[in-house]
Amino acid sequence: MKASKVAQYGLITALALVLSYAESLLPPLGVPGVKLGLPNLAVVFALYRLSWRDACVISLVRVVLVTLLFGNGAAMAYSLAGAGLSLAAMGLLWKTGKFSPVGVSVAGGVAHNAGQILVAMAMLETSRLAWYLPVLWISGTVAGVLIGIVSGVLVKRVPDNK
């Protein structure tokens with residue numbers, strides 16, 4: 001792997017870590033489980049600037065590092081499920097070439113919430129949590145639009161050093 005690629009991975013992963021930490025400092029948004037998804041800025045940027053595989057690596061490294069620094073085993077299960085479904089949804093839409101960073105980010109936010117609810121339902125052995133999905137999907141859509149707009153601006157404005 002080229003040194004420039006390693007440096008890009010490092011910078012984008014560091015940005016994702018900083019955004020994760022910054023998000024943890026924000027006050028709760030009033031609804032349990034609702035977050036802005038600031039680290040997704042780095043993942044969407046990596047998806048459009050590098051590749052889906054690179055975005056997956058960056059996302060996985062971020063999830064593991066954030067969990068080791070600030071979380072626990074349960075947090076890792078929730079994060080991996082959310083990130084995995086999010087990356088799958090974003091990758092599918094991105095690959096078509098028909099969706100902007102906003103559309104891709106919205107799909108990622110909604111899929112992330114679905115992944116986390118699925119883990120919660122499995123851990124608590126109940127399907128009753130499914131009622132909460134519409135609340136999280138609304139918040140995931142709003143956050144996805146905001147993150148997608150900012151990611152789109154970054155993709156256009158940050159020079160590509162290929």
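The values are calculated or read from the model by the stated rules, or taken from the named source; none is laboratory data. The model shown is predicted, which means the values in this text are computed figures rather than measured ones. No Cβ is skipped: glycine too gets one built from the backbone with ideal geometry, and neighbour counts run over all protein chains shown. Side chains included, ligands, DNA and RNA excluded: accessible areas come from the protein's heavy atoms. Shrake-Rupley method; radii C 1.70, N 1.55, O 1.52, S 1.80 Å.
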Value at 222 nm in deg cm²/dmol, rounded to 500, when DSSP H runs of n ≥ 4 in the chain each add -39,500 (n - 2.57): -26500 deg cm²/dmol
Whether region 109-162 is rounded, prolate or oblate, judged on the alpha carbon gyration tensor where a/c under 1.5 counts as rounded: oblate
Rounded Å value of the spacing that divides the Cα centres of region 129-162 and region 12-75: 12 Å
Exposure rank, largest accessible area first [Met123, Met1; 1.4 Å]: Met1, Met123
Inter-label distance, nm, simple model (7 Å from Cα along the C-beta direction), Leu25/Ser100: 3.1 nm
Taking only Cα atoms of region 1-63, radius of gyration then Dmax in Å: 12.9, 45
For Val18, solvent-accessible area (1.4 Å; no DNA, RNA or ligand), Å²: 90 Å²
Gaussian network model of the chain, springs between alpha carbon atoms under 10 Å - residue of Leu19, Leu68, Leu136 with greatest fluctuation: Leu68
Solvent-accessible area, 1.4 Å probe, carbon plus sulfur percent, for the chain: 72 percent
Protection proxy ranking of 105-115, 53-63 - average other beta-carbon atoms within 10 Å, highest first: 105-115, 53-63
Ranking by accessible area, most exposed first, for Trp137, Trp94, Trp131 with a 1.4 Å probe: Trp131, Trp137, Trp94
For region 73-162, projected area of the alpha-carbon convex hull averaged over all directions, nm²: 7.0 nm²
Heavy-atom accessible area per residue - the chain, 1.4 Å, Å²: 56 Å²
Virtual paramagnetic centre 7 Å along Cα→Cβ of Val135, amide N under 14 Å, in region 35-75: 35
Which labelled figure in (i) 15.3, 49; (ii) 23.7, 100; (iii) 14.5, 45 is Rg and Dmax of the Cα atoms in Å, once derived from the coordinates: (i)
